[in-house]
Every structure is written in structure tokens, then in C-alpha cells.
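Worksheet: one structure, shown below.
The values are calculated or read from the model by the stated rules, or taken from the named source; none is laboratory data. This is a predicted model, so every value here is computed, not measured. When we count neighbours, we look across all protein chains shown, and the Cβ atoms used for this are built from the backbone with ideal geometry, even at glycine. Quick note on the areas: whole protein, heavy atoms, side chains included, nothing else; ligands and nucleic acids left out. Shrake-Rupley method; radii C 1.70, N 1.55, O 1.52, S 1.80 Å.
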Amino acid sequence: MSAPVNDFIATEARLGAHNYKPLDVVLSRGEGVFVWDTNGNRYLDCLSAYSAVNQGHCHPKIMAAMVEQAGKLTLTSRAFHNDQLAHFYEEIAALTGSHKVLPMNSGAEAVESAIKSVRKWGYEVKGVPNGQAEIIVCAENFHGRTLGIVGFSTDPAARDHFGPFAPGFTIIPFGDIRALEAAITPRTVAFLVEPIQGEAGVIIPPAGYFAEVRQLCTAHNVMLILDEIQTGLGRTGKLLAEQHDGIEADVTLLGKALSGGFYPVSAVLSNSDVLGTLKPGQHGSTFGGNPLACAVARAALRVLVEEGMIENAAVQGARFLEGLRSIRANTIREVRGRGLMLAIELHPEAGAARRYCEVLQARGILAKDTHDHTIRIAPPLVITPEQVDWALEQIAATVVQDFS
Ligand SMILES: Cc1ncc(COP(=O)(O)O)c(C=O)c1O
């Protein structure tokens, strides 16, 4: 028999660090776009574990691959080869057009690995004096929670009282091409940026921004690192968000949906010499590239393509966005999105977005507030048109309320 919901929540509160403030729902099962709580209530998941569950919860083919591999071989460390890694490299390289792959685990590790690699490239290939490499990043960025990364965050909650931080980062406004041009120096090795700023509230840069970014980076021999950990793998209606802008990054970061939510798998993909600078012993991870992770990631990539999830994200995303735009409510300031990466920004006077998420929960939708006034909508990419329409009805009924 499962414990009452309040016991789970109270025990978490008593024994766990309070670094999250979840909605009062305790989930115990998931399938496709749905999750169920311990009381058997069903919800449409409109967060998808921050886009890690693009393929839907407990996708049977990914699960089968995981179970099969778990019974054969899970971890060898990279001290020995395993019979899954080469296949993973081949398949992800073929899908993304990358030349080199560095497998890691969490998204933050992929970001850290990219930072290390571009610095090394800067010293050994570009000729930047040792210890002087600069990396340009954007205000309101979110690249993870490690010390290196939060050091260049502009979110006080993410960085306050965690310092001292590593130097070598220049912060510019997102979407401002002149600011990028002005920030580049002969010591700049990379520009690290999200194609769409996810945690900041689904912020889409001006049209043409990334084409100009690409040109500037190429002109100044600066590596363009696109953090596609949230935007990648179909979320925006393309395999990679960079495809909307017709560009190619020098370094692409993937994580989250690379495992369909089964296991932490991330990767640094490189089209340039960047990963080539890493020599044995200079970087690594006990779990990175393990056979279980590779088998899971291979299945996660396969179902994404074979089951048409990327195309579905484009079609259902357009339907969802149009539906959101047609909702008439004084509480809504703006709706925006690309593919199934959507956001409703409320007027500050409408009250905290969290209250709206609580009402959505009561109506059978789990969604997440961000930055007080924004509700993110990012369901699994397997959502059907009927489910989109049902979600729109619930959202419309929720946002007409005013919690100010
Ligand atoms: C764009 C982006 N980069 C990096 C990360 C960090 O990934 P992880 O939580 O797996 O370390 C996230 C997580 O939300 C993200 O959205």
C-alpha cells in the first residue's frame, strides 16, 4: 500500500534539501503524455521533465532497449571499449552531421566539457595566450548548476553566495548582435548561447539574429557553442533548433531527451577541431559513454525519427500556439513559442504564475511557472491534436481567472 500523499511530501521536506518547491502532487506512473499520482489521478504532462521526456513517458522501445542492455552489460568505464559506444557515435553523427562526439551524463557536464574543450582549442589552435581565454555568454542564460556555470549566470538565486567564481566570461544581452560584435576580442574563443532561452521563459531572439551570429563567429574564428540541451531533439519542431536559422554550430550540446528521460545522457558534438584537442587523461567521466547509456540513447534517437515525433512537434506546436493566441483573457500579456516549446506570459498584475499552475493541476494539467509570471507549456512530442485541444480548453478556463 502506498503512503498518503502528505507523508511523501512531509518526508521530503523533513529529510531533503529544500532546493525545489514542487507542486503538491506525488507521481507514481507515466505513459506517453500522461502521468498518474498516487491517488490514481491522471494529468497531461506539460513540462516533460524540462524537455527530457520528449519521446513520452516510459516509451516501450526505449524501455526494452534499456532492460535488454541492463541484463548484458551496464558499465565498463572508458578504461575498456564496449560494444555500444561505436554504434552510438555512428548513429548520432549520422543524424546530426557531427564529426566528433564526447559522451557525458548531465547537461551541465556537457556544458562544462565544452567550456574546457574550447579553452584548450583557444590555446593550442587559435593561439590565445595561456590563461587568457574569454567566452561570451548571454544575460538570463541557463546552462546548469555547476560552479563554473552559475559563475556566469545573471540570476541572483543561481549564483548568490556560491562564489568565488572562475573568471573568463563576458556577459552580453541575448539577441543583440551589436553587443556580440563589441564583446569579441582577440582572446575570445567561444560564444555560448541557447537558441531559445528556455528557463528565462522561452525567449526567442529576433529573426536573423543567429545567421549574423554565425557570420561574426566565423569572421573572428570564435567557436559558436549552441546549448541545445532543451531546444534539441525535436522540441522546437526540428531536430535541432539551429535548423530554423539555417546555420550550423561549431559545438552542439545535447542532453535531456537524448535518453528519453530514462537515464542521464548528454553529449558534446563538434564539427570543428575543438574535441580533437582532448588527449588521453585530459578529460573524462566514469559513466560517460557507458553501454547502458549508449543503448538507451540509440533507442531514444531511433524512436524520435522513426515515429515522426519531430514533425508532430512542428504540427501540434503550431496548433497549440494558434490556440493559445486565440484565448481572450485580460491576464495574458503574450504567448510565444516554437514547436512544442511554448510559454504564456501573464501580466504582472494577474498574480503569480504558480497559482495558475495549481488551478491547471486541479484541471488535470501539470505545467511549470518560471520567473513569477510565465507558464511554460512543453508536452511530450507524441501529443495528439485532440489532446492539444483538450489542453487548450483547460488553459482557457484557467487564465480567465484573475489571482491578483
Ligand atoms: C539549456 C540548458 N542547458 C543545460 C541544462 C542543464 O542540464 P542538467 O540539469 O541535465 O545538468 C539545462 C537544464 O534545464 C538547460 O535547459
**Q.** Using distinct alpha-carbon pairs, which all enter the 1/r mean, Kirkwood radius of the range 287-404 in Å
**A.** 15.4
Q) Translational D (Stokes-Einstein, µm²/s) of the range 236-339 at 25 °C and 0.890 mPa s when Rh comes from the Kirkwood sum over C-alpha pairs? A) 148
Q) Given the protein chains as shown and a 1.4 Å probe, how many square angstrom of Trp36 are accessible, to the nearest 10? A) 40
Q | Rel. contact order, % - alpha carbon contacts under 8 angstrom, at least six apart, the chain | A | 23
(Q) Quick check for you: with a 1.4 Å probe and neighbouring chains kept, what is the accessible area per residue of the range 253-330, in Å²? (A) 39
**Q.** Inter-centroid distance (Cα atoms) of the range 331-404 relative to the range 175-191, Å
**A.** 35
(Q) Under 5 Å between amide hydrogens, which residues at least 5 positions from Val26 or on another chain qualify, with H placed 1.01 Å from N in the peptide plane? (A) Thr38
Q.
Could you derive backbone 3J(HN,Hα) for the range 256-261 from the dihedral phi with the Karplus parameters 6.51, -1.76 and 1.60 (θ = phi - 60°), listing whole Hz in sequence and x where the residue is Gly or Pro?
A. 6, 5, 4, 10, x, x
**Q.** Cα gyration tensor shape of the range 156-278, rounded if a/c is under 1.5, else prolate or oblate by comparing a/b with b/c
**A.** rounded
Q.
Keeping all protein chains in the complex and leaving out DNA, RNA and ligands, what accessible area do you get for Ser326 with a 1.4 Å probe, in Å² to the nearest 10?
A. 70
Q) Based on Cα positions only, what radius of gyration and what Dmax would you give for the chain, in angstroms? A) 21.2, 64
Q. What percentage of the solvent-accessible surface of the chain, computed with a 1.4 Å probe over protein heavy atoms, is contributed by carbon and sulfur atoms?
A. 54
Q: Would you please give the FRET efficiency between Ala219 and Ala13, computed as 1/(1 + (r/R0)^6) with r the Cβ-Cβ distance and R0 = 45 Å, to the nearest 0.05?
A: 0.25
Q.
For Lys238, what residues show an amide H to amide H distance below 5 Å, using hydrogens built from the backbone and excluding near sequence neighbours?
A. none
Q) GNM on the chain, C-alpha springs below 10 Å: top fluctuator among Lys72, Lys279, Lys238? A) Lys279
Q. Based only on Cα atoms, what Rg/Rh ratio does the range 50-146 have, Rh being taken as Kirkwood's radius?
A. 1.04
Q | Estimated vicinal HN-Hα couplings, Hz - the range 337-342 in sequence order (Karplus 6.51, -1.76, 1.60; Gly, Pro = x) | A | x, 9, x, 9, 10, 10
Q) Rg(Cα) of the range 193-264 divided by 2.2 N^0.38 Å? A) 1.12
Q: Select from Ile196, Ile344, Ile171 the residue whose mean-square fluctuation is largest in a Gaussian network model of the chain (Cα-Cα springs shorter than 10 Å).
A: Ile171
Q) Near the amide H of Asn141, under 5 Å away, which other amide H atoms are found, from residues 5 or more places off or on another chain, if H is placed in the peptide plane? A) Thr154
Q. With θ set to phi - 60° and the Karplus curve 6.51 cos²θ - 1.76 cosθ + 1.60, what are the ³J(HN,Hα) couplings of the range 308-319 in order, to the nearest whole Hz, using x for Gly and Pro?
A. x, 5, 5, 5, 5, 4, 5, 6, 6, x, 5, 5
**Q.** Per residue solvent-accessible surface (Å²) - the range 41-176, probe of 1.4 Å
**A.** 49
